[in-house]
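A.B. asks: Below is the structure I would like to discuss, written out as C-alpha cells.
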Amino acid sequence: MTAEWRDPDDITADLGSGDAARIRAGLADLREFAKDGDEFELPALDASLLAPLGAAPPPDAVRDLAHLLARYRSFIPPPSRDDVIVQLVELAVRYAESQVIYEAAIEIQSEADPAATAHLAVGYLGARGLAGPAELDAGRKLIGYLLEAKPAVRRATAEALAAWPAGEPRRAVVTAVHALIDPDQRAQVTPDGPPLTS
C-alpha cells in the first residue's frame with residue numbers, strides 16, 4: 001500500500017494493468033480508499049484478477065480482493081449476491097487462504113436466505129471440482145464451517161454435498177466431515193456417491 005492518497009483513475013488503471021505489482025498495489029489502495037465508506041464506480045472484479053500474481057499470490061492480495069468482493073458497493077454493473085458468493089468461494093478454495101475460507105463461510109451465513117446460499121456455494125464446489133491437496137483441504141474447511149452453522153444451513157449443505165459426483169473430491173470431503181452431518185442425513189451423504197442411474 002502506498003502512503004499517499006491516490007486518484008481513483010490511477011487505482012482503476014492499476015487493477016486493469018495485468019501487472020502483478022500494480023494489481024497488488026491497486027487492491028491495497030482500493031481497500032484503504034474504501035475503508036471510511038468512500039467509493040467510486042469501478043468495473044466488477046473477480047478471482048481472475050489475481051491470475052498475473054501466479055498460482056500462489058501474496059495472502060494480503062487474496063484477502064484484499066475477498067474483502068472488496070464482499071463489501072464494495074460501487075461495481076458497475078453491480079454483481080448479484082449469488083455471483084459475489086461464488087467468487088468468494090472460488091477465492092477460498094483456489095488459494096486456500098484460511099481467513100478467506102472463514103470469511104466466505106460467514107458471508108454465506110449472513111445472506112438473506114443462508115440455506116439457499118449454502119446450497120449454491122456447495123453445489124458450485126461440486127460442479128467445479130477440487131484439484132490437489134490444498135483445494136481439497138480448503139473445500140473441507142469451508143464445508144465444515146457450514147456444517148457447524150444453524151440447522152437450516154447444515155441441512156442445505158448436506159443436501160448439496162449429497163449431489164456431488166463420485167470421485168476423489170467427494171470421497172475426501174465427505175469422509176472428513178461425515179460426523180458433522182445431521183444423523184438423519186448421513187445415509188444420503190456417502191463418500192462414494194449415489195448409485196449410477198441408466
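A.B. asks: Can you say whether GLY144 is modelled with pLDDT under 95 and either under 21 Å from ALA66 (Cβ atoms) or among the charged types (D, E, K, R) (or both), as far as the supplied structure shows?
C.D. replies: Judged against the criteria, GLY144 is not a match.
A.B. asks: Which members of segment 137-183 meet the condition of being of a type in the set (Phe, Trp, Tyr) and open to solvent by less than 60 Å² (accessible area, probe 1.4 Å)?
C.D. replies: Scanning segment 137-183 gives a single hit, TRP164.
A.B. asks: If only one of ALA127, ALA104, ALA134 is of a type in the set (A, V, I, L, M), out of contact with any Ser or Thr (no Cβ under 8 Å at 6 or more places or on another chain), open to solvent by less than 20 Å² (accessible area, probe 1.4 Å) and part of a helix (DSSP H, G or I), which one is it?
C.D. replies: Of the residues listed, the single one that is of a type in the set (A, V, I, L, M), out of contact with any Ser or Thr (no Cβ under 8 Å at 6 or more places or on another chain), open to solvent by less than 20 Å² (accessible area, probe 1.4 Å) and part of a helix (DSSP H, G or I) is ALA104.
A.B. asks: So which of ALA112, ALA118 is open to solvent by 40 Å² or more (accessible area, probe 1.4 Å), under 19 Å from LEU147 (Cα atoms) and aliphatic (A, V, I, L, M)?
C.D. replies: ALA112
A.B. asks: Out of segment 86-109, which residues are farther than 13 Å from ALA149 by Cα and among the acidic types (Asp, Glu)?
C.D. replies: GLU90, GLU97, GLU103
A.B. asks: Inside segment 45-82, can you point out the residues that are closer than 17 Å to SER17 by Cβ, part of a loop (DSSP other than H, G, I, E, B) and open to solvent by 30 Å² or more (accessible area, probe 1.4 Å)?
C.D. replies: Scanning segment 45-82 gives ASP46, GLY54, PRO58.
A.B. asks: Spot the failing condition for GLY193; the list is (1) part of a helix (DSSP H, G or I); (2) of a type outside the set (Phe, Trp, Tyr); (3) surrounded by fewer than 21 Cβ atoms within 10 Å (Cβ to Cβ), and only one is missed.
C.D. replies: (1)
A.B. asks: Let me ask another. So which residues in segment 137-183 are not in a helix (DSSP H, G or I) and not small (Gly, Ala, Ser), if there are any at all?
C.D. replies: LEU147, GLU148, LYS150, TRP164, PRO165, ILE181, ASP182
A.B. asks: Can you run down the residue pairs with Cβ atoms below 9 Å, 6 or more apart or on separate chains, where the first is in segment 13-26 and surrounded by 14 or more Cβ atoms within 10 Å (Cβ to Cβ) and the partner is in a loop (DSSP other than H, G, I, E, B) and of a type in the set (Asp, Glu)?
C.D. replies: That search, which allows pairs on different chains as well, returns nothing.
A.B. asks: Moving to a separate point now. Only one of these conditions is not met by ASP38: (1) assigned to a loop (DSSP other than H, G, I, E, B); (2) among the acidic types (Asp, Glu); (3) open to solvent by less than 40 Å² (accessible area, probe 1.4 Å). Which number is it?
C.D. replies: (3)
A.B. asks: Here are ASP29, ASP19: which of them is closer than 27 Å to ARG81 by Cβ and of a type in the set (Asp, Glu)?
C.D. replies: The conditions single out ASP29.
The values are calculated or read from the model by the stated rules, or taken from the named source; none is laboratory data. Just so it is clear, the model here is predicted, and its values are computed rather than measured. Using ideal geometry, Cβ is built from the backbone for each residue, glycine included, and neighbour counts are taken over all protein chains shown. Just so you know, the surface numbers come from the protein's heavy atoms only, side chains and all, with ligands and any DNA or RNA stripped out. Shrake-Rupley method; radii C 1.70, N 1.55, O 1.52, S 1.80 Å.
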